[in-house]
Amino acid sequence: MRSLLRQNRGFLAFMLLLGLFRTAIADWNPIPSGSMQPNILEGDVVLVNRLAYDLKLPLTDRVLLALAEPQRGDIVTFTSPSDGVRLIKRIVAIGGDSIAMRDKRLILNGEVAGYAERPALADSATLGAPWQAQVHLEQIAGEQHAIQWLPGVAARDNFAELRIPDGQYLVLGDNRDNSADSRYIGLVPRRMLIGKAVRVLLSVDILGAWWPRLERFGQTLI
């Protein structure tokens, strides 16, 4: 055993450093589902900045130092408070905000979001649906990004006004009719945030012919 360890000490040291890097500084996450369409696609691999909000003890979730505050519009990875699964969603409301949804439309601190229609992606239908997704540019509180709705898919399109406690976040998927987000799993405490997703490292069409989508390589997430 000692001989084996000596022979492979370089590789073992590399794996240890890689583990420390991925748990404390930056990570990469393959995306298996369409909950963040049209901005993140199945087959994307996204870069996650683990130092965006907190410095954590490597290989643990213990926060050593708070570095910055999560903001509305940030795309974050986190541990689901309902089942411990790692998810990726967008922060829609932060501590102190009042948020509601009526007939799919958000109301944040009394402001009703605007929705400007945009062309849909050719492959943006999901769940085996025969229709095409409806893509809109959601504009609220100085933030704007694309979201999509899937006509005919039952989802939680309404919830009563909720005031977000400090240190917690309401997160939604950009694919509003196909996302297990705060409407289903509840609010996300800060301690469960892993990091901020900042860009697409690479992308492969996993639902088609598995060709690389070169146009998405290095794309910044907004």
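Quick check on this structure: which one of 203, 182 is of a type in the set (Ser, Thr, Tyr), over 30 Å from residue 101 (Cα atoms), in contact with a strand residue (DSSP E or B) (Cβ under 6 Å, 6 or more places away or on another chain) and modelled with pLDDT of 95 or more? Steps first, please.
Working: 182 fails: over 30 Å from residue 101 (Cα atoms).
Testing whether each residue is of a type in the set (Ser, Thr, Tyr), over 30 Å from residue 101 (Cα atoms), in contact with a strand residue (DSSP E or B) (Cβ under 6 Å, 6 or more places away or on another chain) and modelled with pLDDT of 95 or more leaves just 203.
If I filter segment 105-120 down to residues being surrounded by 14 or more Cβ atoms within 10 Å (Cβ to Cβ) and at pLDDT below 95, which single residue comes out as farthest from residue 37 (Cα to Cα)?
Only one residue tops the list, namely 118.
Say we look at segment 61-82 and pick out the residues that are surrounded by fewer than 20 Cβ atoms within 10 Å (Cβ to Cβ) and touching a helix residue (DSSP H, G or I) at 6+ places or on another chain (Cβ under 8 Å); which of these is modelled with the lowest pLDDT?
61
Is there a residue being at pLDDT 95 or above, more than 18 Å from the chain's Cα centre (by Cα) and in a loop (DSSP other than H, G, I, E, B) anywhere in segment 87-95?
Within segment 87-95, one or more residues are at pLDDT 95 or above, more than 18 Å from the chain's Cα centre (by Cα) and in a loop (DSSP other than H, G, I, E, B).
With the requirement that a residue be closer than 26 Å to residue 146 by Cβ and more than 14 Å from the chain's Cα centre (by Cα), what does segment 53-86 give you?
53, 68, 69
When you look at residue 168, is it polar (S, T, N, Q), within 27 Å of residue 45 (Cβ to Cβ) and under 21 Å from the mean Cα position of the chain (by Cα), yes or no?
Values: polar (S, T, N, Q): yes; within 27 Å of residue 45 (Cβ to Cβ): no; under 21 Å from the mean Cα position of the chain (by Cα): yes.
Considered against the rule, which asks whether it is polar (S, T, N, Q), within 27 Å of residue 45 (Cβ to Cβ) and under 21 Å from the mean Cα position of the chain (by Cα), residue 168 comes out as no.
Here is a list of conditions, (1) touching a residue at least 24 places away in the same chain (Cβ under 8 Å); (2) within 18 Å of residue 88 (Cβ to Cβ), and residue 219 meets all of them except one; can you say which number that is?
So residue 219 meets the others, but not (1).
Just to be sure I understand the filter: pairs with C-beta atoms under 9 Å, separated by 6 or more residues or on different chains, first member in segment 187-215 and over 10 Å from residue 48 (Cα atoms), second member part of a helix (DSSP H, G or I) and among the aliphatic types (A, V, I, L, M). Which pairs pass?
If the second residue must be part of a helix (DSSP H, G or I) and among the aliphatic types (A, V, I, L, M), the pairs left are 202/214; 203/214.
Does residue 152 satisfy being in contact (Cβ under 8 Å) with a residue 12 or more places away in the chain, small (Gly, Ala, Ser) and crowded, with 20+ Cβ neighbours inside 10 Å?
So residue 152 does not fit the description; no.
Could you identify the single residue in 199, 191, 183 that is more than 19 Å from residue 173 (Cα to Cα), charged (D, E, K, R) and surrounded by fewer than 19 Cβ atoms within 10 Å (Cβ to Cβ)?
That would be 191, the only listed residue that is more than 19 Å from residue 173 (Cα to Cα), charged (D, E, K, R) and surrounded by fewer than 19 Cβ atoms within 10 Å (Cβ to Cβ).
Pairs please, first residue from segment 68-84 and closer than 18 Å to residue 54 by Cα, second anywhere and assigned to a loop (DSSP other than H, G, I, E, B) and not aliphatic (A, V, I, L, M), Cβ atoms under 6 Å, 6+ apart in sequence or on different chains.
Short answer, once both residue conditions are applied: 68/53; 70/53.
The values are calculated or read from the model by the stated rules, or taken from the named source; none is laboratory data. All values reported here derive from a predicted model rather than from experimental measurement. Note that we place each Cβ from the backbone using ideal geometry, even for glycine, and neighbour counts take in every protein chain shown.
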